[in-house]
1. Could you tell me which of the residues GLU51, GLU106, GLU69 is part of a helix (DSSP H, G or I), open to solvent by 80 Å² or more (accessible area, probe 1.4 Å) and either away from the ligand (no atom under 12 Å from the Cβ) or farther than 23 Å from THR188 by Cα (or both)?
2. Among the listed residues GLU165, GLU177, which satisfies the condition of being of a type in the set (Asp, Glu) and either on the phi > 0 side of the Ramachandran plot or modelled with pLDDT of 95 or more (or both)?
3. If you go through segment 66-95 one residue at a time, how many are of a type in the set (A, V, I, L, M, F, W, C) and in contact (Cβ under 8 Å) with a residue 40 or more places away in the chain?
4. So which of LEU20, LEU35 ends up being buried (at least 20 other Cβ atoms within 10 Å of the Cβ), more than 13 Å from the ligand (Cβ to nearest atom) and in a helix (DSSP H, G or I)?
5. ARG88 - would you say it is open to solvent by less than 80 Å² (accessible area, probe 1.4 Å), closer than 26 Å to GLU176 by Cβ and not polar (S, T, N, Q)?
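The values are calculated or read from the model by the stated rules, or taken from the named source; none is laboratory data. Quick caveat, the model's predicted, so the values are computed rather than measured. Don't worry about glycine lacking a Cβ; one is built from the backbone with ideal geometry, like all the others, and counts go over all protein chains shown. With ligands, DNA and RNA removed, areas are computed over all heavy atoms of the protein, side chains included. Shrake-Rupley method; radii C 1.70, N 1.55, O 1.52, S 1.80 Å.
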Amino acid sequence: MKLIFLGSPGAGKGTQAAVLRERQDIAHISTGDILRENVKNSTPLGNKAREYMDSGKLVPDDLIIDMMEDRLARPDCAKGFILDGFPRTVPQAEALDLLLGRMGLELDGVILFEVPEELVVQRLTGRRICGQCGEIYNVRFKDTKVPGVCDRCGGVLQQRDDDKEEVVHRRLEVYEEQTAPLIDYYETKGNLVRVDASQDGDLVVKDIEKAVGKR
Ligand code: AMP
């Protein structure tokens, strides 16, 4: 199964990708996670990406495309993959088409996560992540038993810098300007599937599997 998850920040792409990865035994490739890891380790890529990420802007296409060429060539992608957060611009989508063509691969579908903007803002500004095990919580929808402490490992919860309210609004503007045009791009190609991502997580996964199964 080779899928793209498309949708605004906070639409639940990462959460659903983690579930589907387990169920389908495929790779979950999140460009945001790869970039954050690079920033944390101060790699040359991380040092170039940091400023863009902190201000809610997109990292330049050439850096992302090179990074994804390397990532898709790794052996764990052979069984299939979910691209979460990539492509995010039309030039990235065009580069991906070329890359998949060279690799002799075809996408099974592009899943568009549809969620009202107010819910996205609540999800993003309420999101907290355990600094130790990476478990994701939300102060509004899924809080911990002891505030600020991970239920699973006792680690301290953190908020991503780009989940602070001012940056969230900037990220949503960037999505509308630069990423939303991909909806038309994939609709024209005939491989877009719309999913109501405001419903319960279990239902979202079922809808995705049903839609992809039918194709
Ligand atoms: P995410 O975790 O997907 O919300 O990504 C966090 C940040 O990483 C974004 O706000 C961008 O700065 C950067 N980023 C992630 N994926 C991409 C991409 N495909 N193109 C450009 N920037 C990206």
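1. On the way: GLU106 fails: part of a helix (DSSP H, G or I); GLU69 fails: open to solvent by 80 Å² or more (accessible area, probe 1.4 Å).
Among GLU51, GLU106, GLU69, only GLU51 is part of a helix (DSSP H, G or I), open to solvent by 80 Å² or more (accessible area, probe 1.4 Å) and either away from the ligand (no atom under 12 Å from the Cβ) or farther than 23 Å from THR188 by Cα (or both).
2. Details: GLU165 fails: either on the phi > 0 side of the Ramachandran plot or modelled with pLDDT of 95 or more (or both).
One residue alone meets the criteria, GLU177.
3. Within segment 66-95, residues that are of a type in the set (A, V, I, L, M, F, W, C) and in contact (Cβ under 8 Å) with a residue 40 or more places away in the chain number 8.
4. Working: LEU35 fails: more than 13 Å from the ligand (Cβ to nearest atom).
Result of the check over LEU20, LEU35: LEU20.
5. When the stated conditions are applied, ARG88 passes them.
Yes or no, residue by residue, for (1) modelled with pLDDT under 95; (2) out of contact with any Gly (no Cβ under 9 Å at 6 or more places or on another chain); (3) on the phi < 0 side of the Ramachandran plot:
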position	(1), (2), (3)
THR31	no, no, yes
LEU35	no, no, yes
VAL39	no, no, yes
SER42	no, yes, no
GLY46	no, yes, yes
ARG50	no, yes, yes
ASP54	yes, yes, yes
LEU58	no, yes, yes
